[in-house]
Amino acid sequence: MVGYEVATAGDGLAALQTFGEVNSDLVILDLMLPELDGYGVCEKLRIRTNISILMLSAIDDVSQKIACLLLGADDYMVKPFSPKELIARIGCLLRRRAGMDQGKAKEIPVNNLFVAGDLRIDRNR
């Protein structure tokens, strides 16, 4: 048993509300959500926070993976997947997050501008 505490939501709008009510270290986000899809939730979360986001989808398409990563997702998994792989990816994202919190790396997404040290990338240009 891994021992993570989990909060769930049945749709995208509920996910945003739940995120505002709990202290989260990671968001696992399905793309096919009612009310507000995973793209919309990811976009709204990126405006509010730089929390790690792991996207899930049944669609194994490179262009969709790239779109999610450009929206601000940190990882993308295709369903079905092995629970062991999910746990491994969660561990990697949490370790990376802990390193960022300790100042080892700092990437701050702001709308379409990403800043990492002296590097600035404007996705609109």
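Since every read-out is calculated from the coordinates, none of them should be taken as a lab result. The structure presented is a predicted model; accordingly, all values stated were derived computationally and were not measured. All Cβ positions, glycine included, derive from the backbone under ideal geometry; neighbour counts span all protein chains shown.
Worth pointing out:
- Amide N of region 21-40 lying under 11 Å from the label point, which is placed 7 angstrom from the Cα of residue 14 along Cα→Cβ: 34-35
- Taking 0.36 nm per residue of separation and subtracting the Cα-Cα distance, full extension of the segment from residue 36 to residue 78 would add 13.1 nm.
- Of the residues 39, 10, 71, the one whose Cα sits farthest toward the positive end of the charge dipole of region 1-71, with +1 on the Cβ of Lys and Arg and -1 on the Cβ of Asp and Glu, is 71.
- Amide H partners (placed H, <5 Å) of residue 76, local residues excluded: 55
- Phi angles of region 14-31 translate, via the Karplus equation with coefficients 6.51, -1.76, 1.60 and θ = phi - 60°, into HN-Hα couplings of 5, 4, 5, 5, 4, 4, x, 9, 10, 8, 9, 9, 7, 10, 9, 10, 7, 6 Hz per residue; Gly and Pro are given as x.
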